[in-house]
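Read-outs: derived from the displayed coordinates by stated rules, not from any lab. Quick caveat, the model's predicted, so the values are computed rather than measured. Please note: Cβ atoms are built from the backbone with ideal geometry, for glycine as well, and neighbour counts cover all protein chains shown.
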Amino acid sequence: MSNRVASEPMLFGHTNRFQWMVCIAGMAAFIIGMPSGTAAQQEPIAIVGATIIDGNGGPPLLDGTILIEGERISAVGPRSSVGVPDGTRVIDGAGKYVTPGFIDTNVHMSLAFGRSWTDTNARYWPQHDALVLQGVQQQLKYGITTIRDSYGALLPMKRVKEAIERGEVLGPRMYVAGNIVGWGGPYSETFSGIPESELSLFEEQLNDSITLGSGEEWIHMTPENLRTAVNEYLDFGPDFIKYGGTHHRSSPSPIMFSPRAQRVIIEETHKRGLVVETHATSLEGLRLTIEAGLDLIQHPEVVGYRDITDELVKMIVDRGVVCSLLPNRWTGEEWQLHLKQKREDLEEQAKPFRRAIPKTSAEIRREQEEGDQSPKDSYRRNAEKLIREGCIVSVGTDNLLWGLRAGGAPEFQRERDPVQHHQEPGIGTIIGIEGLVELGMTASEAIVAATKNGAIASKALDEYGTLEVGKMADLLILRADPLADITNIRSLELVIREGQIIDPDILPTNPVTEAWGVARFNDGSDELQ
Amino acid sequence: MNYILFIPKIRLDQVLRPRLASWVFLLLGFQFLSAPYPASSAQDAEAVTAIVGATVIDGNGGEPLTNATVVVRGKRIVAVGPSSAVDVPSGAQIIDATGKYLTPGFIDTNVHISPLSGEMTFARYWDRLDDVILQGAQEHLKYGITTVRDSYGVLEPLLEIRDKIARGEVIGPRLYVAGNIVGWGGTYSETFRGIPESELTFFQEQINDAFTHGSGEDWMNMTPEELRVAVRSYLDLGVDFIKYGGTTHAGYPALIPFSLEAQKVIVEETHNRGLVAETHSATLEGLRLSILAGIDLVQHPRSLGMSPITDELLELLVDNKVICSGLQNTLTGKVWEKHLRDQAAALRRQFLRDIEGRQAPKTTAEIRRDRQEAGIVVEVKRPNAERLIDAGCIVSVGTDNLVGQAPEFRREQKPEHQDPGIGTIIAIEGLVELGMTPSEAIVAATKHGAMACKALDEFGTVEVGKLADLNLLTANPLADIANVRKLEWTMKEGELIDPNTLPTDPIWSEWGVAMDAGKTPGR
């Protein structure tokens, strides 16, 4: 039995006229005023004489030509054998490198977080659509032409997705899941360990907006009632389903749904031809989801602070389950910081322990986690193992609208993230692709993961993901060779999205929030000084 | 003995057996060295008692035997029959029980006689928990409860009192001890109370360890093979049965700590030692998995979040002969009347609030709260309890009686329906309110309790060869179940006990005693 609550409109129930005006202005702005045009190019486009890295992982095609007609690729081949019709807009590809558009299989581009984001939620909820657009355009700015948003506010995201599809605004291809079904929303026990008894009215409403009837009541249902509830949620029109295999917490992480309840969720989702995935952060919890028949696992390297077992890896490989890793989190500057912190903690622990009362098990656990049994070390080892054993790896990032910072919107953040933006929209995905190389892939394999495998994750490889005739023309033109050095994916010159040329510099077109450290609460007291 | 400071070092992926064994030997050695209590009114092995002229209600549920004689030699019953057919051995102590009613001793399959929460209680009493436990145990015996199963508490002092009672050093009911609810992290933990480990004080961490003894939330991270090793280590501590978290503690939302395979490992290893495996399982799907894993008993299966119990589950419980240890004391009698009053008041309050007319519709959280406040939980739980009885499940009397916080820290008096001893009596009466006959209620309180201990061959009914755990009532409980309150004496393993002498050395006295009273009775 689901509780369908008309959640979206009620948040506007008591907004005053001024807020309504801001809201309408914001929505009008992004529907009307996009500066760079909204229709696909009418003329064919040809990129001539470039190095073409098609996403299949083979050797690149030197001195190649790609011809794009309408939304799709109509020819790919050596320059000498691809004819360019009259009236084609020709882009000189000499010294340039063409790849498929990148795909991030795990982002969160809406307001779906609690705790330290409450001020952000209170202020920006009425501008939700514009915020989502800002976030997804930030992704596109870095060449991410397809995103899968695996947790967030379904209805605003669908509105933005549909505006993009109608050509009214620029943006990546979007897949949205909405709630992680079974979890109770940003301010819930299963998502953030917050008991329902402590919530304000706003927090309860926000939970309902995110869950849309797919909250914690699902784990108390009979399989029959669950089947009905799953279908009611599917009727809202998500593009895929993500369910809580376990609690959100990494450890301890109890299981949410019994095996047969999981089979119900997967069955009903597959009947609609949609992908089903999970968050499952314990060994046994993960095993149950794989046995239930799911298509993709988000961050399978995170299994309750444990090393993933050979048995589980084999199951994943044998069944072709897609592994959407978080390579941006266990590599690069973020990783160096972790190592530094660990060294300091171990030095601290090496000092003699002088208390007569022996260590409690909680103290021992904390020491292990800060020292030689750090969970992050296990996540990195697991990621390396999944790569090594030949799992289908895609690039997920857990990118958030303003990165992983307490506070949310920039005016509510005390400090800039000390690490270079490893979970910010766009750049986080770039750091993730680079991270795959640090975790053991070649640059070529990393590009396959970021393109082809991303399309496999959405069961849409026939539509996009590689540079092949008949597929959608989502591609990037880079100034330097990413196969020589993966960081050259940062040398982005142009994005082409379903045949439309986009200059990354114009994105995002209508950002809602200021840069960090600029806007602040101002009661007018500055004038008094 | 310092029960809170005793903390074995436990590391994930490491089995601590050698060090643990040395602690266990140390404990045992300490007990051998300490001076035994002088034997009080313990009878020597050959003392004979004959109870003559009573109506015997033997616990099997059939017709009572009028004008009967029961002969007890030493600890055991050696004869039961009509007085005309049973010879009273010469030299036997004869008890005239004419006009009175003899039943087996009652059995409570779910108590908590060590403190469970109340940090101040732990702070003040951590080195006297054994005294607190003994008082709680004896308060049960005072009402004729001759066997109790403590399904969650501080392990070491519980084991110590269990053993002292078994050796005859102190008077008390037969005590079965589980210790931790394995898989849960202790009284100040996520799984038990929703408290994150990062927020704990040093003392709270120590208390958790005194509960878990290595059987805490880490178990959820294990593979079934690792879990097997961990379960064996915990069993080596000498517990009498295993209770595991089939779900987490909270009613809503309730998650599942262990996969079916992991649960089967826990149940298997427990059964390998001939012990009972039981669970706390508060969702429909969670309870189903636990039954499939092979549990012997489920605690309070009427509590399934806000869900009515399904026909499928009732069938599984009956077919698998799972014992249903119910909380009948919380759904009947005076507390039921209070629930009904509270429900009426809540409905009125909600009605008045709703006609004020807030524009925004109710949130799902508000709807849930309204349902709970308006007694839907009770309205679901009581029908669940009635259906369990109606479906023919093997129902035993489990109360969740608790000693709770020390009386000096209580603002209000502890409610009677979960007080050690009287709570069990209220539960037995409650069974009749829920649909049983008095005869069936007595069977539930005796025979089924012994089945819950897998010890029906040893006690639970009044039969030749069994241990002499008996209650003598001055009025007929089959005529009116409330007559279980009319206890004249109780007998445990042949030893006659005057209820008025219990508890023998109370450590907690009256409720609401002032903080600085400094009174420590019995010391």
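Structure values in brief
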quantity	calculated
Farthest toward positive dipole pole in the protein assembly as shown [+1 Lys/Arg, -1 Asp/Glu at C-beta], among B:Ser303, B:Ala50, B:Tyr101	B:Ala50
Pairwise centroid distance, computed over Cα atoms, of the range A:219-236 with the range B:54-88, Å	58
Relative contact order (%) - chain A, alpha-carbon pairs under 8 angstrom, separation at least six	20
Debye log10 I(q)/I(0) at q = 0.29 Å⁻¹ for the range A:379-431, Cα point scatterers	-1.08
Packing-based order for B:212-221, A:498-507, using average beta carbon neighbours within 10 Å, highest first	B:212-221, A:498-507
Leading residue at positive end of dipole, the protein assembly as shown (Cβ point charges), from A:Gly49, B:Gly185, A:Phe240	B:Gly185
Peptide B:213-224, shielding by other chains (average Cβ, 10 Å cutoff)	5
Charge dipole (chain A, unit charges on Cβ, about Cα centre) - positive-most of A:Pro186, A:Gln349, A:Thr451	A:Gln349
Residues listed by number, the range A:319-363, amide nitrogen under 19 Å from A:Asp372 label point at 7 Å toward C-beta	A:339-354, A:359-363
Debye, to nearest 20: dipole size of the protein assembly as shown, +1 on Lys, Arg Cβ, -1 on Asp, Glu Cβ	680
Three-way shape label, the range B:267-378, alpha-carbon gyration tensor, a/c 1.5	prolate
Dipole in debye (nearest 20) - chain A, about Cα centre, beta carbon charges: Lys, Arg +1; Asp, Glu -1	520
Spacing of the two label points (7 Å from each Cα toward its C-beta) at A:Arg72 and B:Thr66, in nm	9.7
Radius 9 Å from Cβ of B:Leu473, net charge of other residues (Lys, Arg +1; Asp, Glu -1)	+2
Cα→Cβ-extended label distance, 7 Å offset, between A:Glu468 and B:Thr98, nm	10.2
Computed over the protein assembly as shown, Cα set: Rg, Dmax in Å	34.2, 126
Residue-averaged beta-carbon neighbours from other chains (10 angstrom radius) around A:214-222	6
Spin-label zone in the range A:235-265 - amide nitrogen under 20 Å from a point set 7 Å from the Cα of A:Asp318 along the C-beta vector	A:259-260, A:263
Separation of alpha-carbon centers, the range A:263-300 and the range B:259-305, rounded to whole Å	25
Distance from the range B:96-134 to the range B:363-395 (C-alpha centre basis), Å	28
Vicinal HN-Hα couplings computed from phi for the range B:211-225 (Karplus, 6.51 cos²θ - 1.76 cosθ + 1.60; Hz; Gly/Pro x)	7, 7, 6, x, 10, x, 5, 4, 4, 5, 7, 8, 7, x, 5
Relative packing of peptides A:341-350, A:382-391 - highest average C-beta neighbours within 10 Å first	A:382-391, A:341-350
Per-pair calculated FRET efficiency, R0 = 25 Å: A:Gln349 and A:Arg381 via Cβ, rounded to 0.05	0.75
Cα-based shape type of the range A:157-255, given that a ≥ b ≥ c are square roots of the gyration tensor eigenvalues and the cut on a/c is 1.5	prolate
B:Glu463 versus A:Val90: modelled label distance in nm, points set 7 Å from Cα along the beta carbon direction	10.2
Mean Cβ count within 10 Å, highest first, over the residues of peptides B:458-468, A:161-171	B:458-468, A:161-171
Proximal charge balance of B:Trp336 [Cβ under 14 Å; K/R count +1, D/E count -1]	-1
Length-normalised contact order for chain B - Cα pairs under 8 Å, 6+ apart - percent	20
Average other protein chain Cβ within 10 Å of Cβ, residues A:352-363	6
Calculated FRET efficiency for the pair A:Thr228/B:Arg232, C-beta based, R₀ 41 Å, to 0.05	0.40
Estimated FRET transfer efficiency (B:Ala391, A:Arg166; beta-carbon r; R0 41 Å; 0.05)	0.10
Charge dipole magnitude, Cβ of K and R +1, D and E -1 - the range B:345-450, Cα centre, debye nearest 20	480
Gyration tensor verdict on chain A (Cα atoms; rounded if a/c is under 1.5, prolate if a/b is larger than b/c, oblate otherwise)	rounded
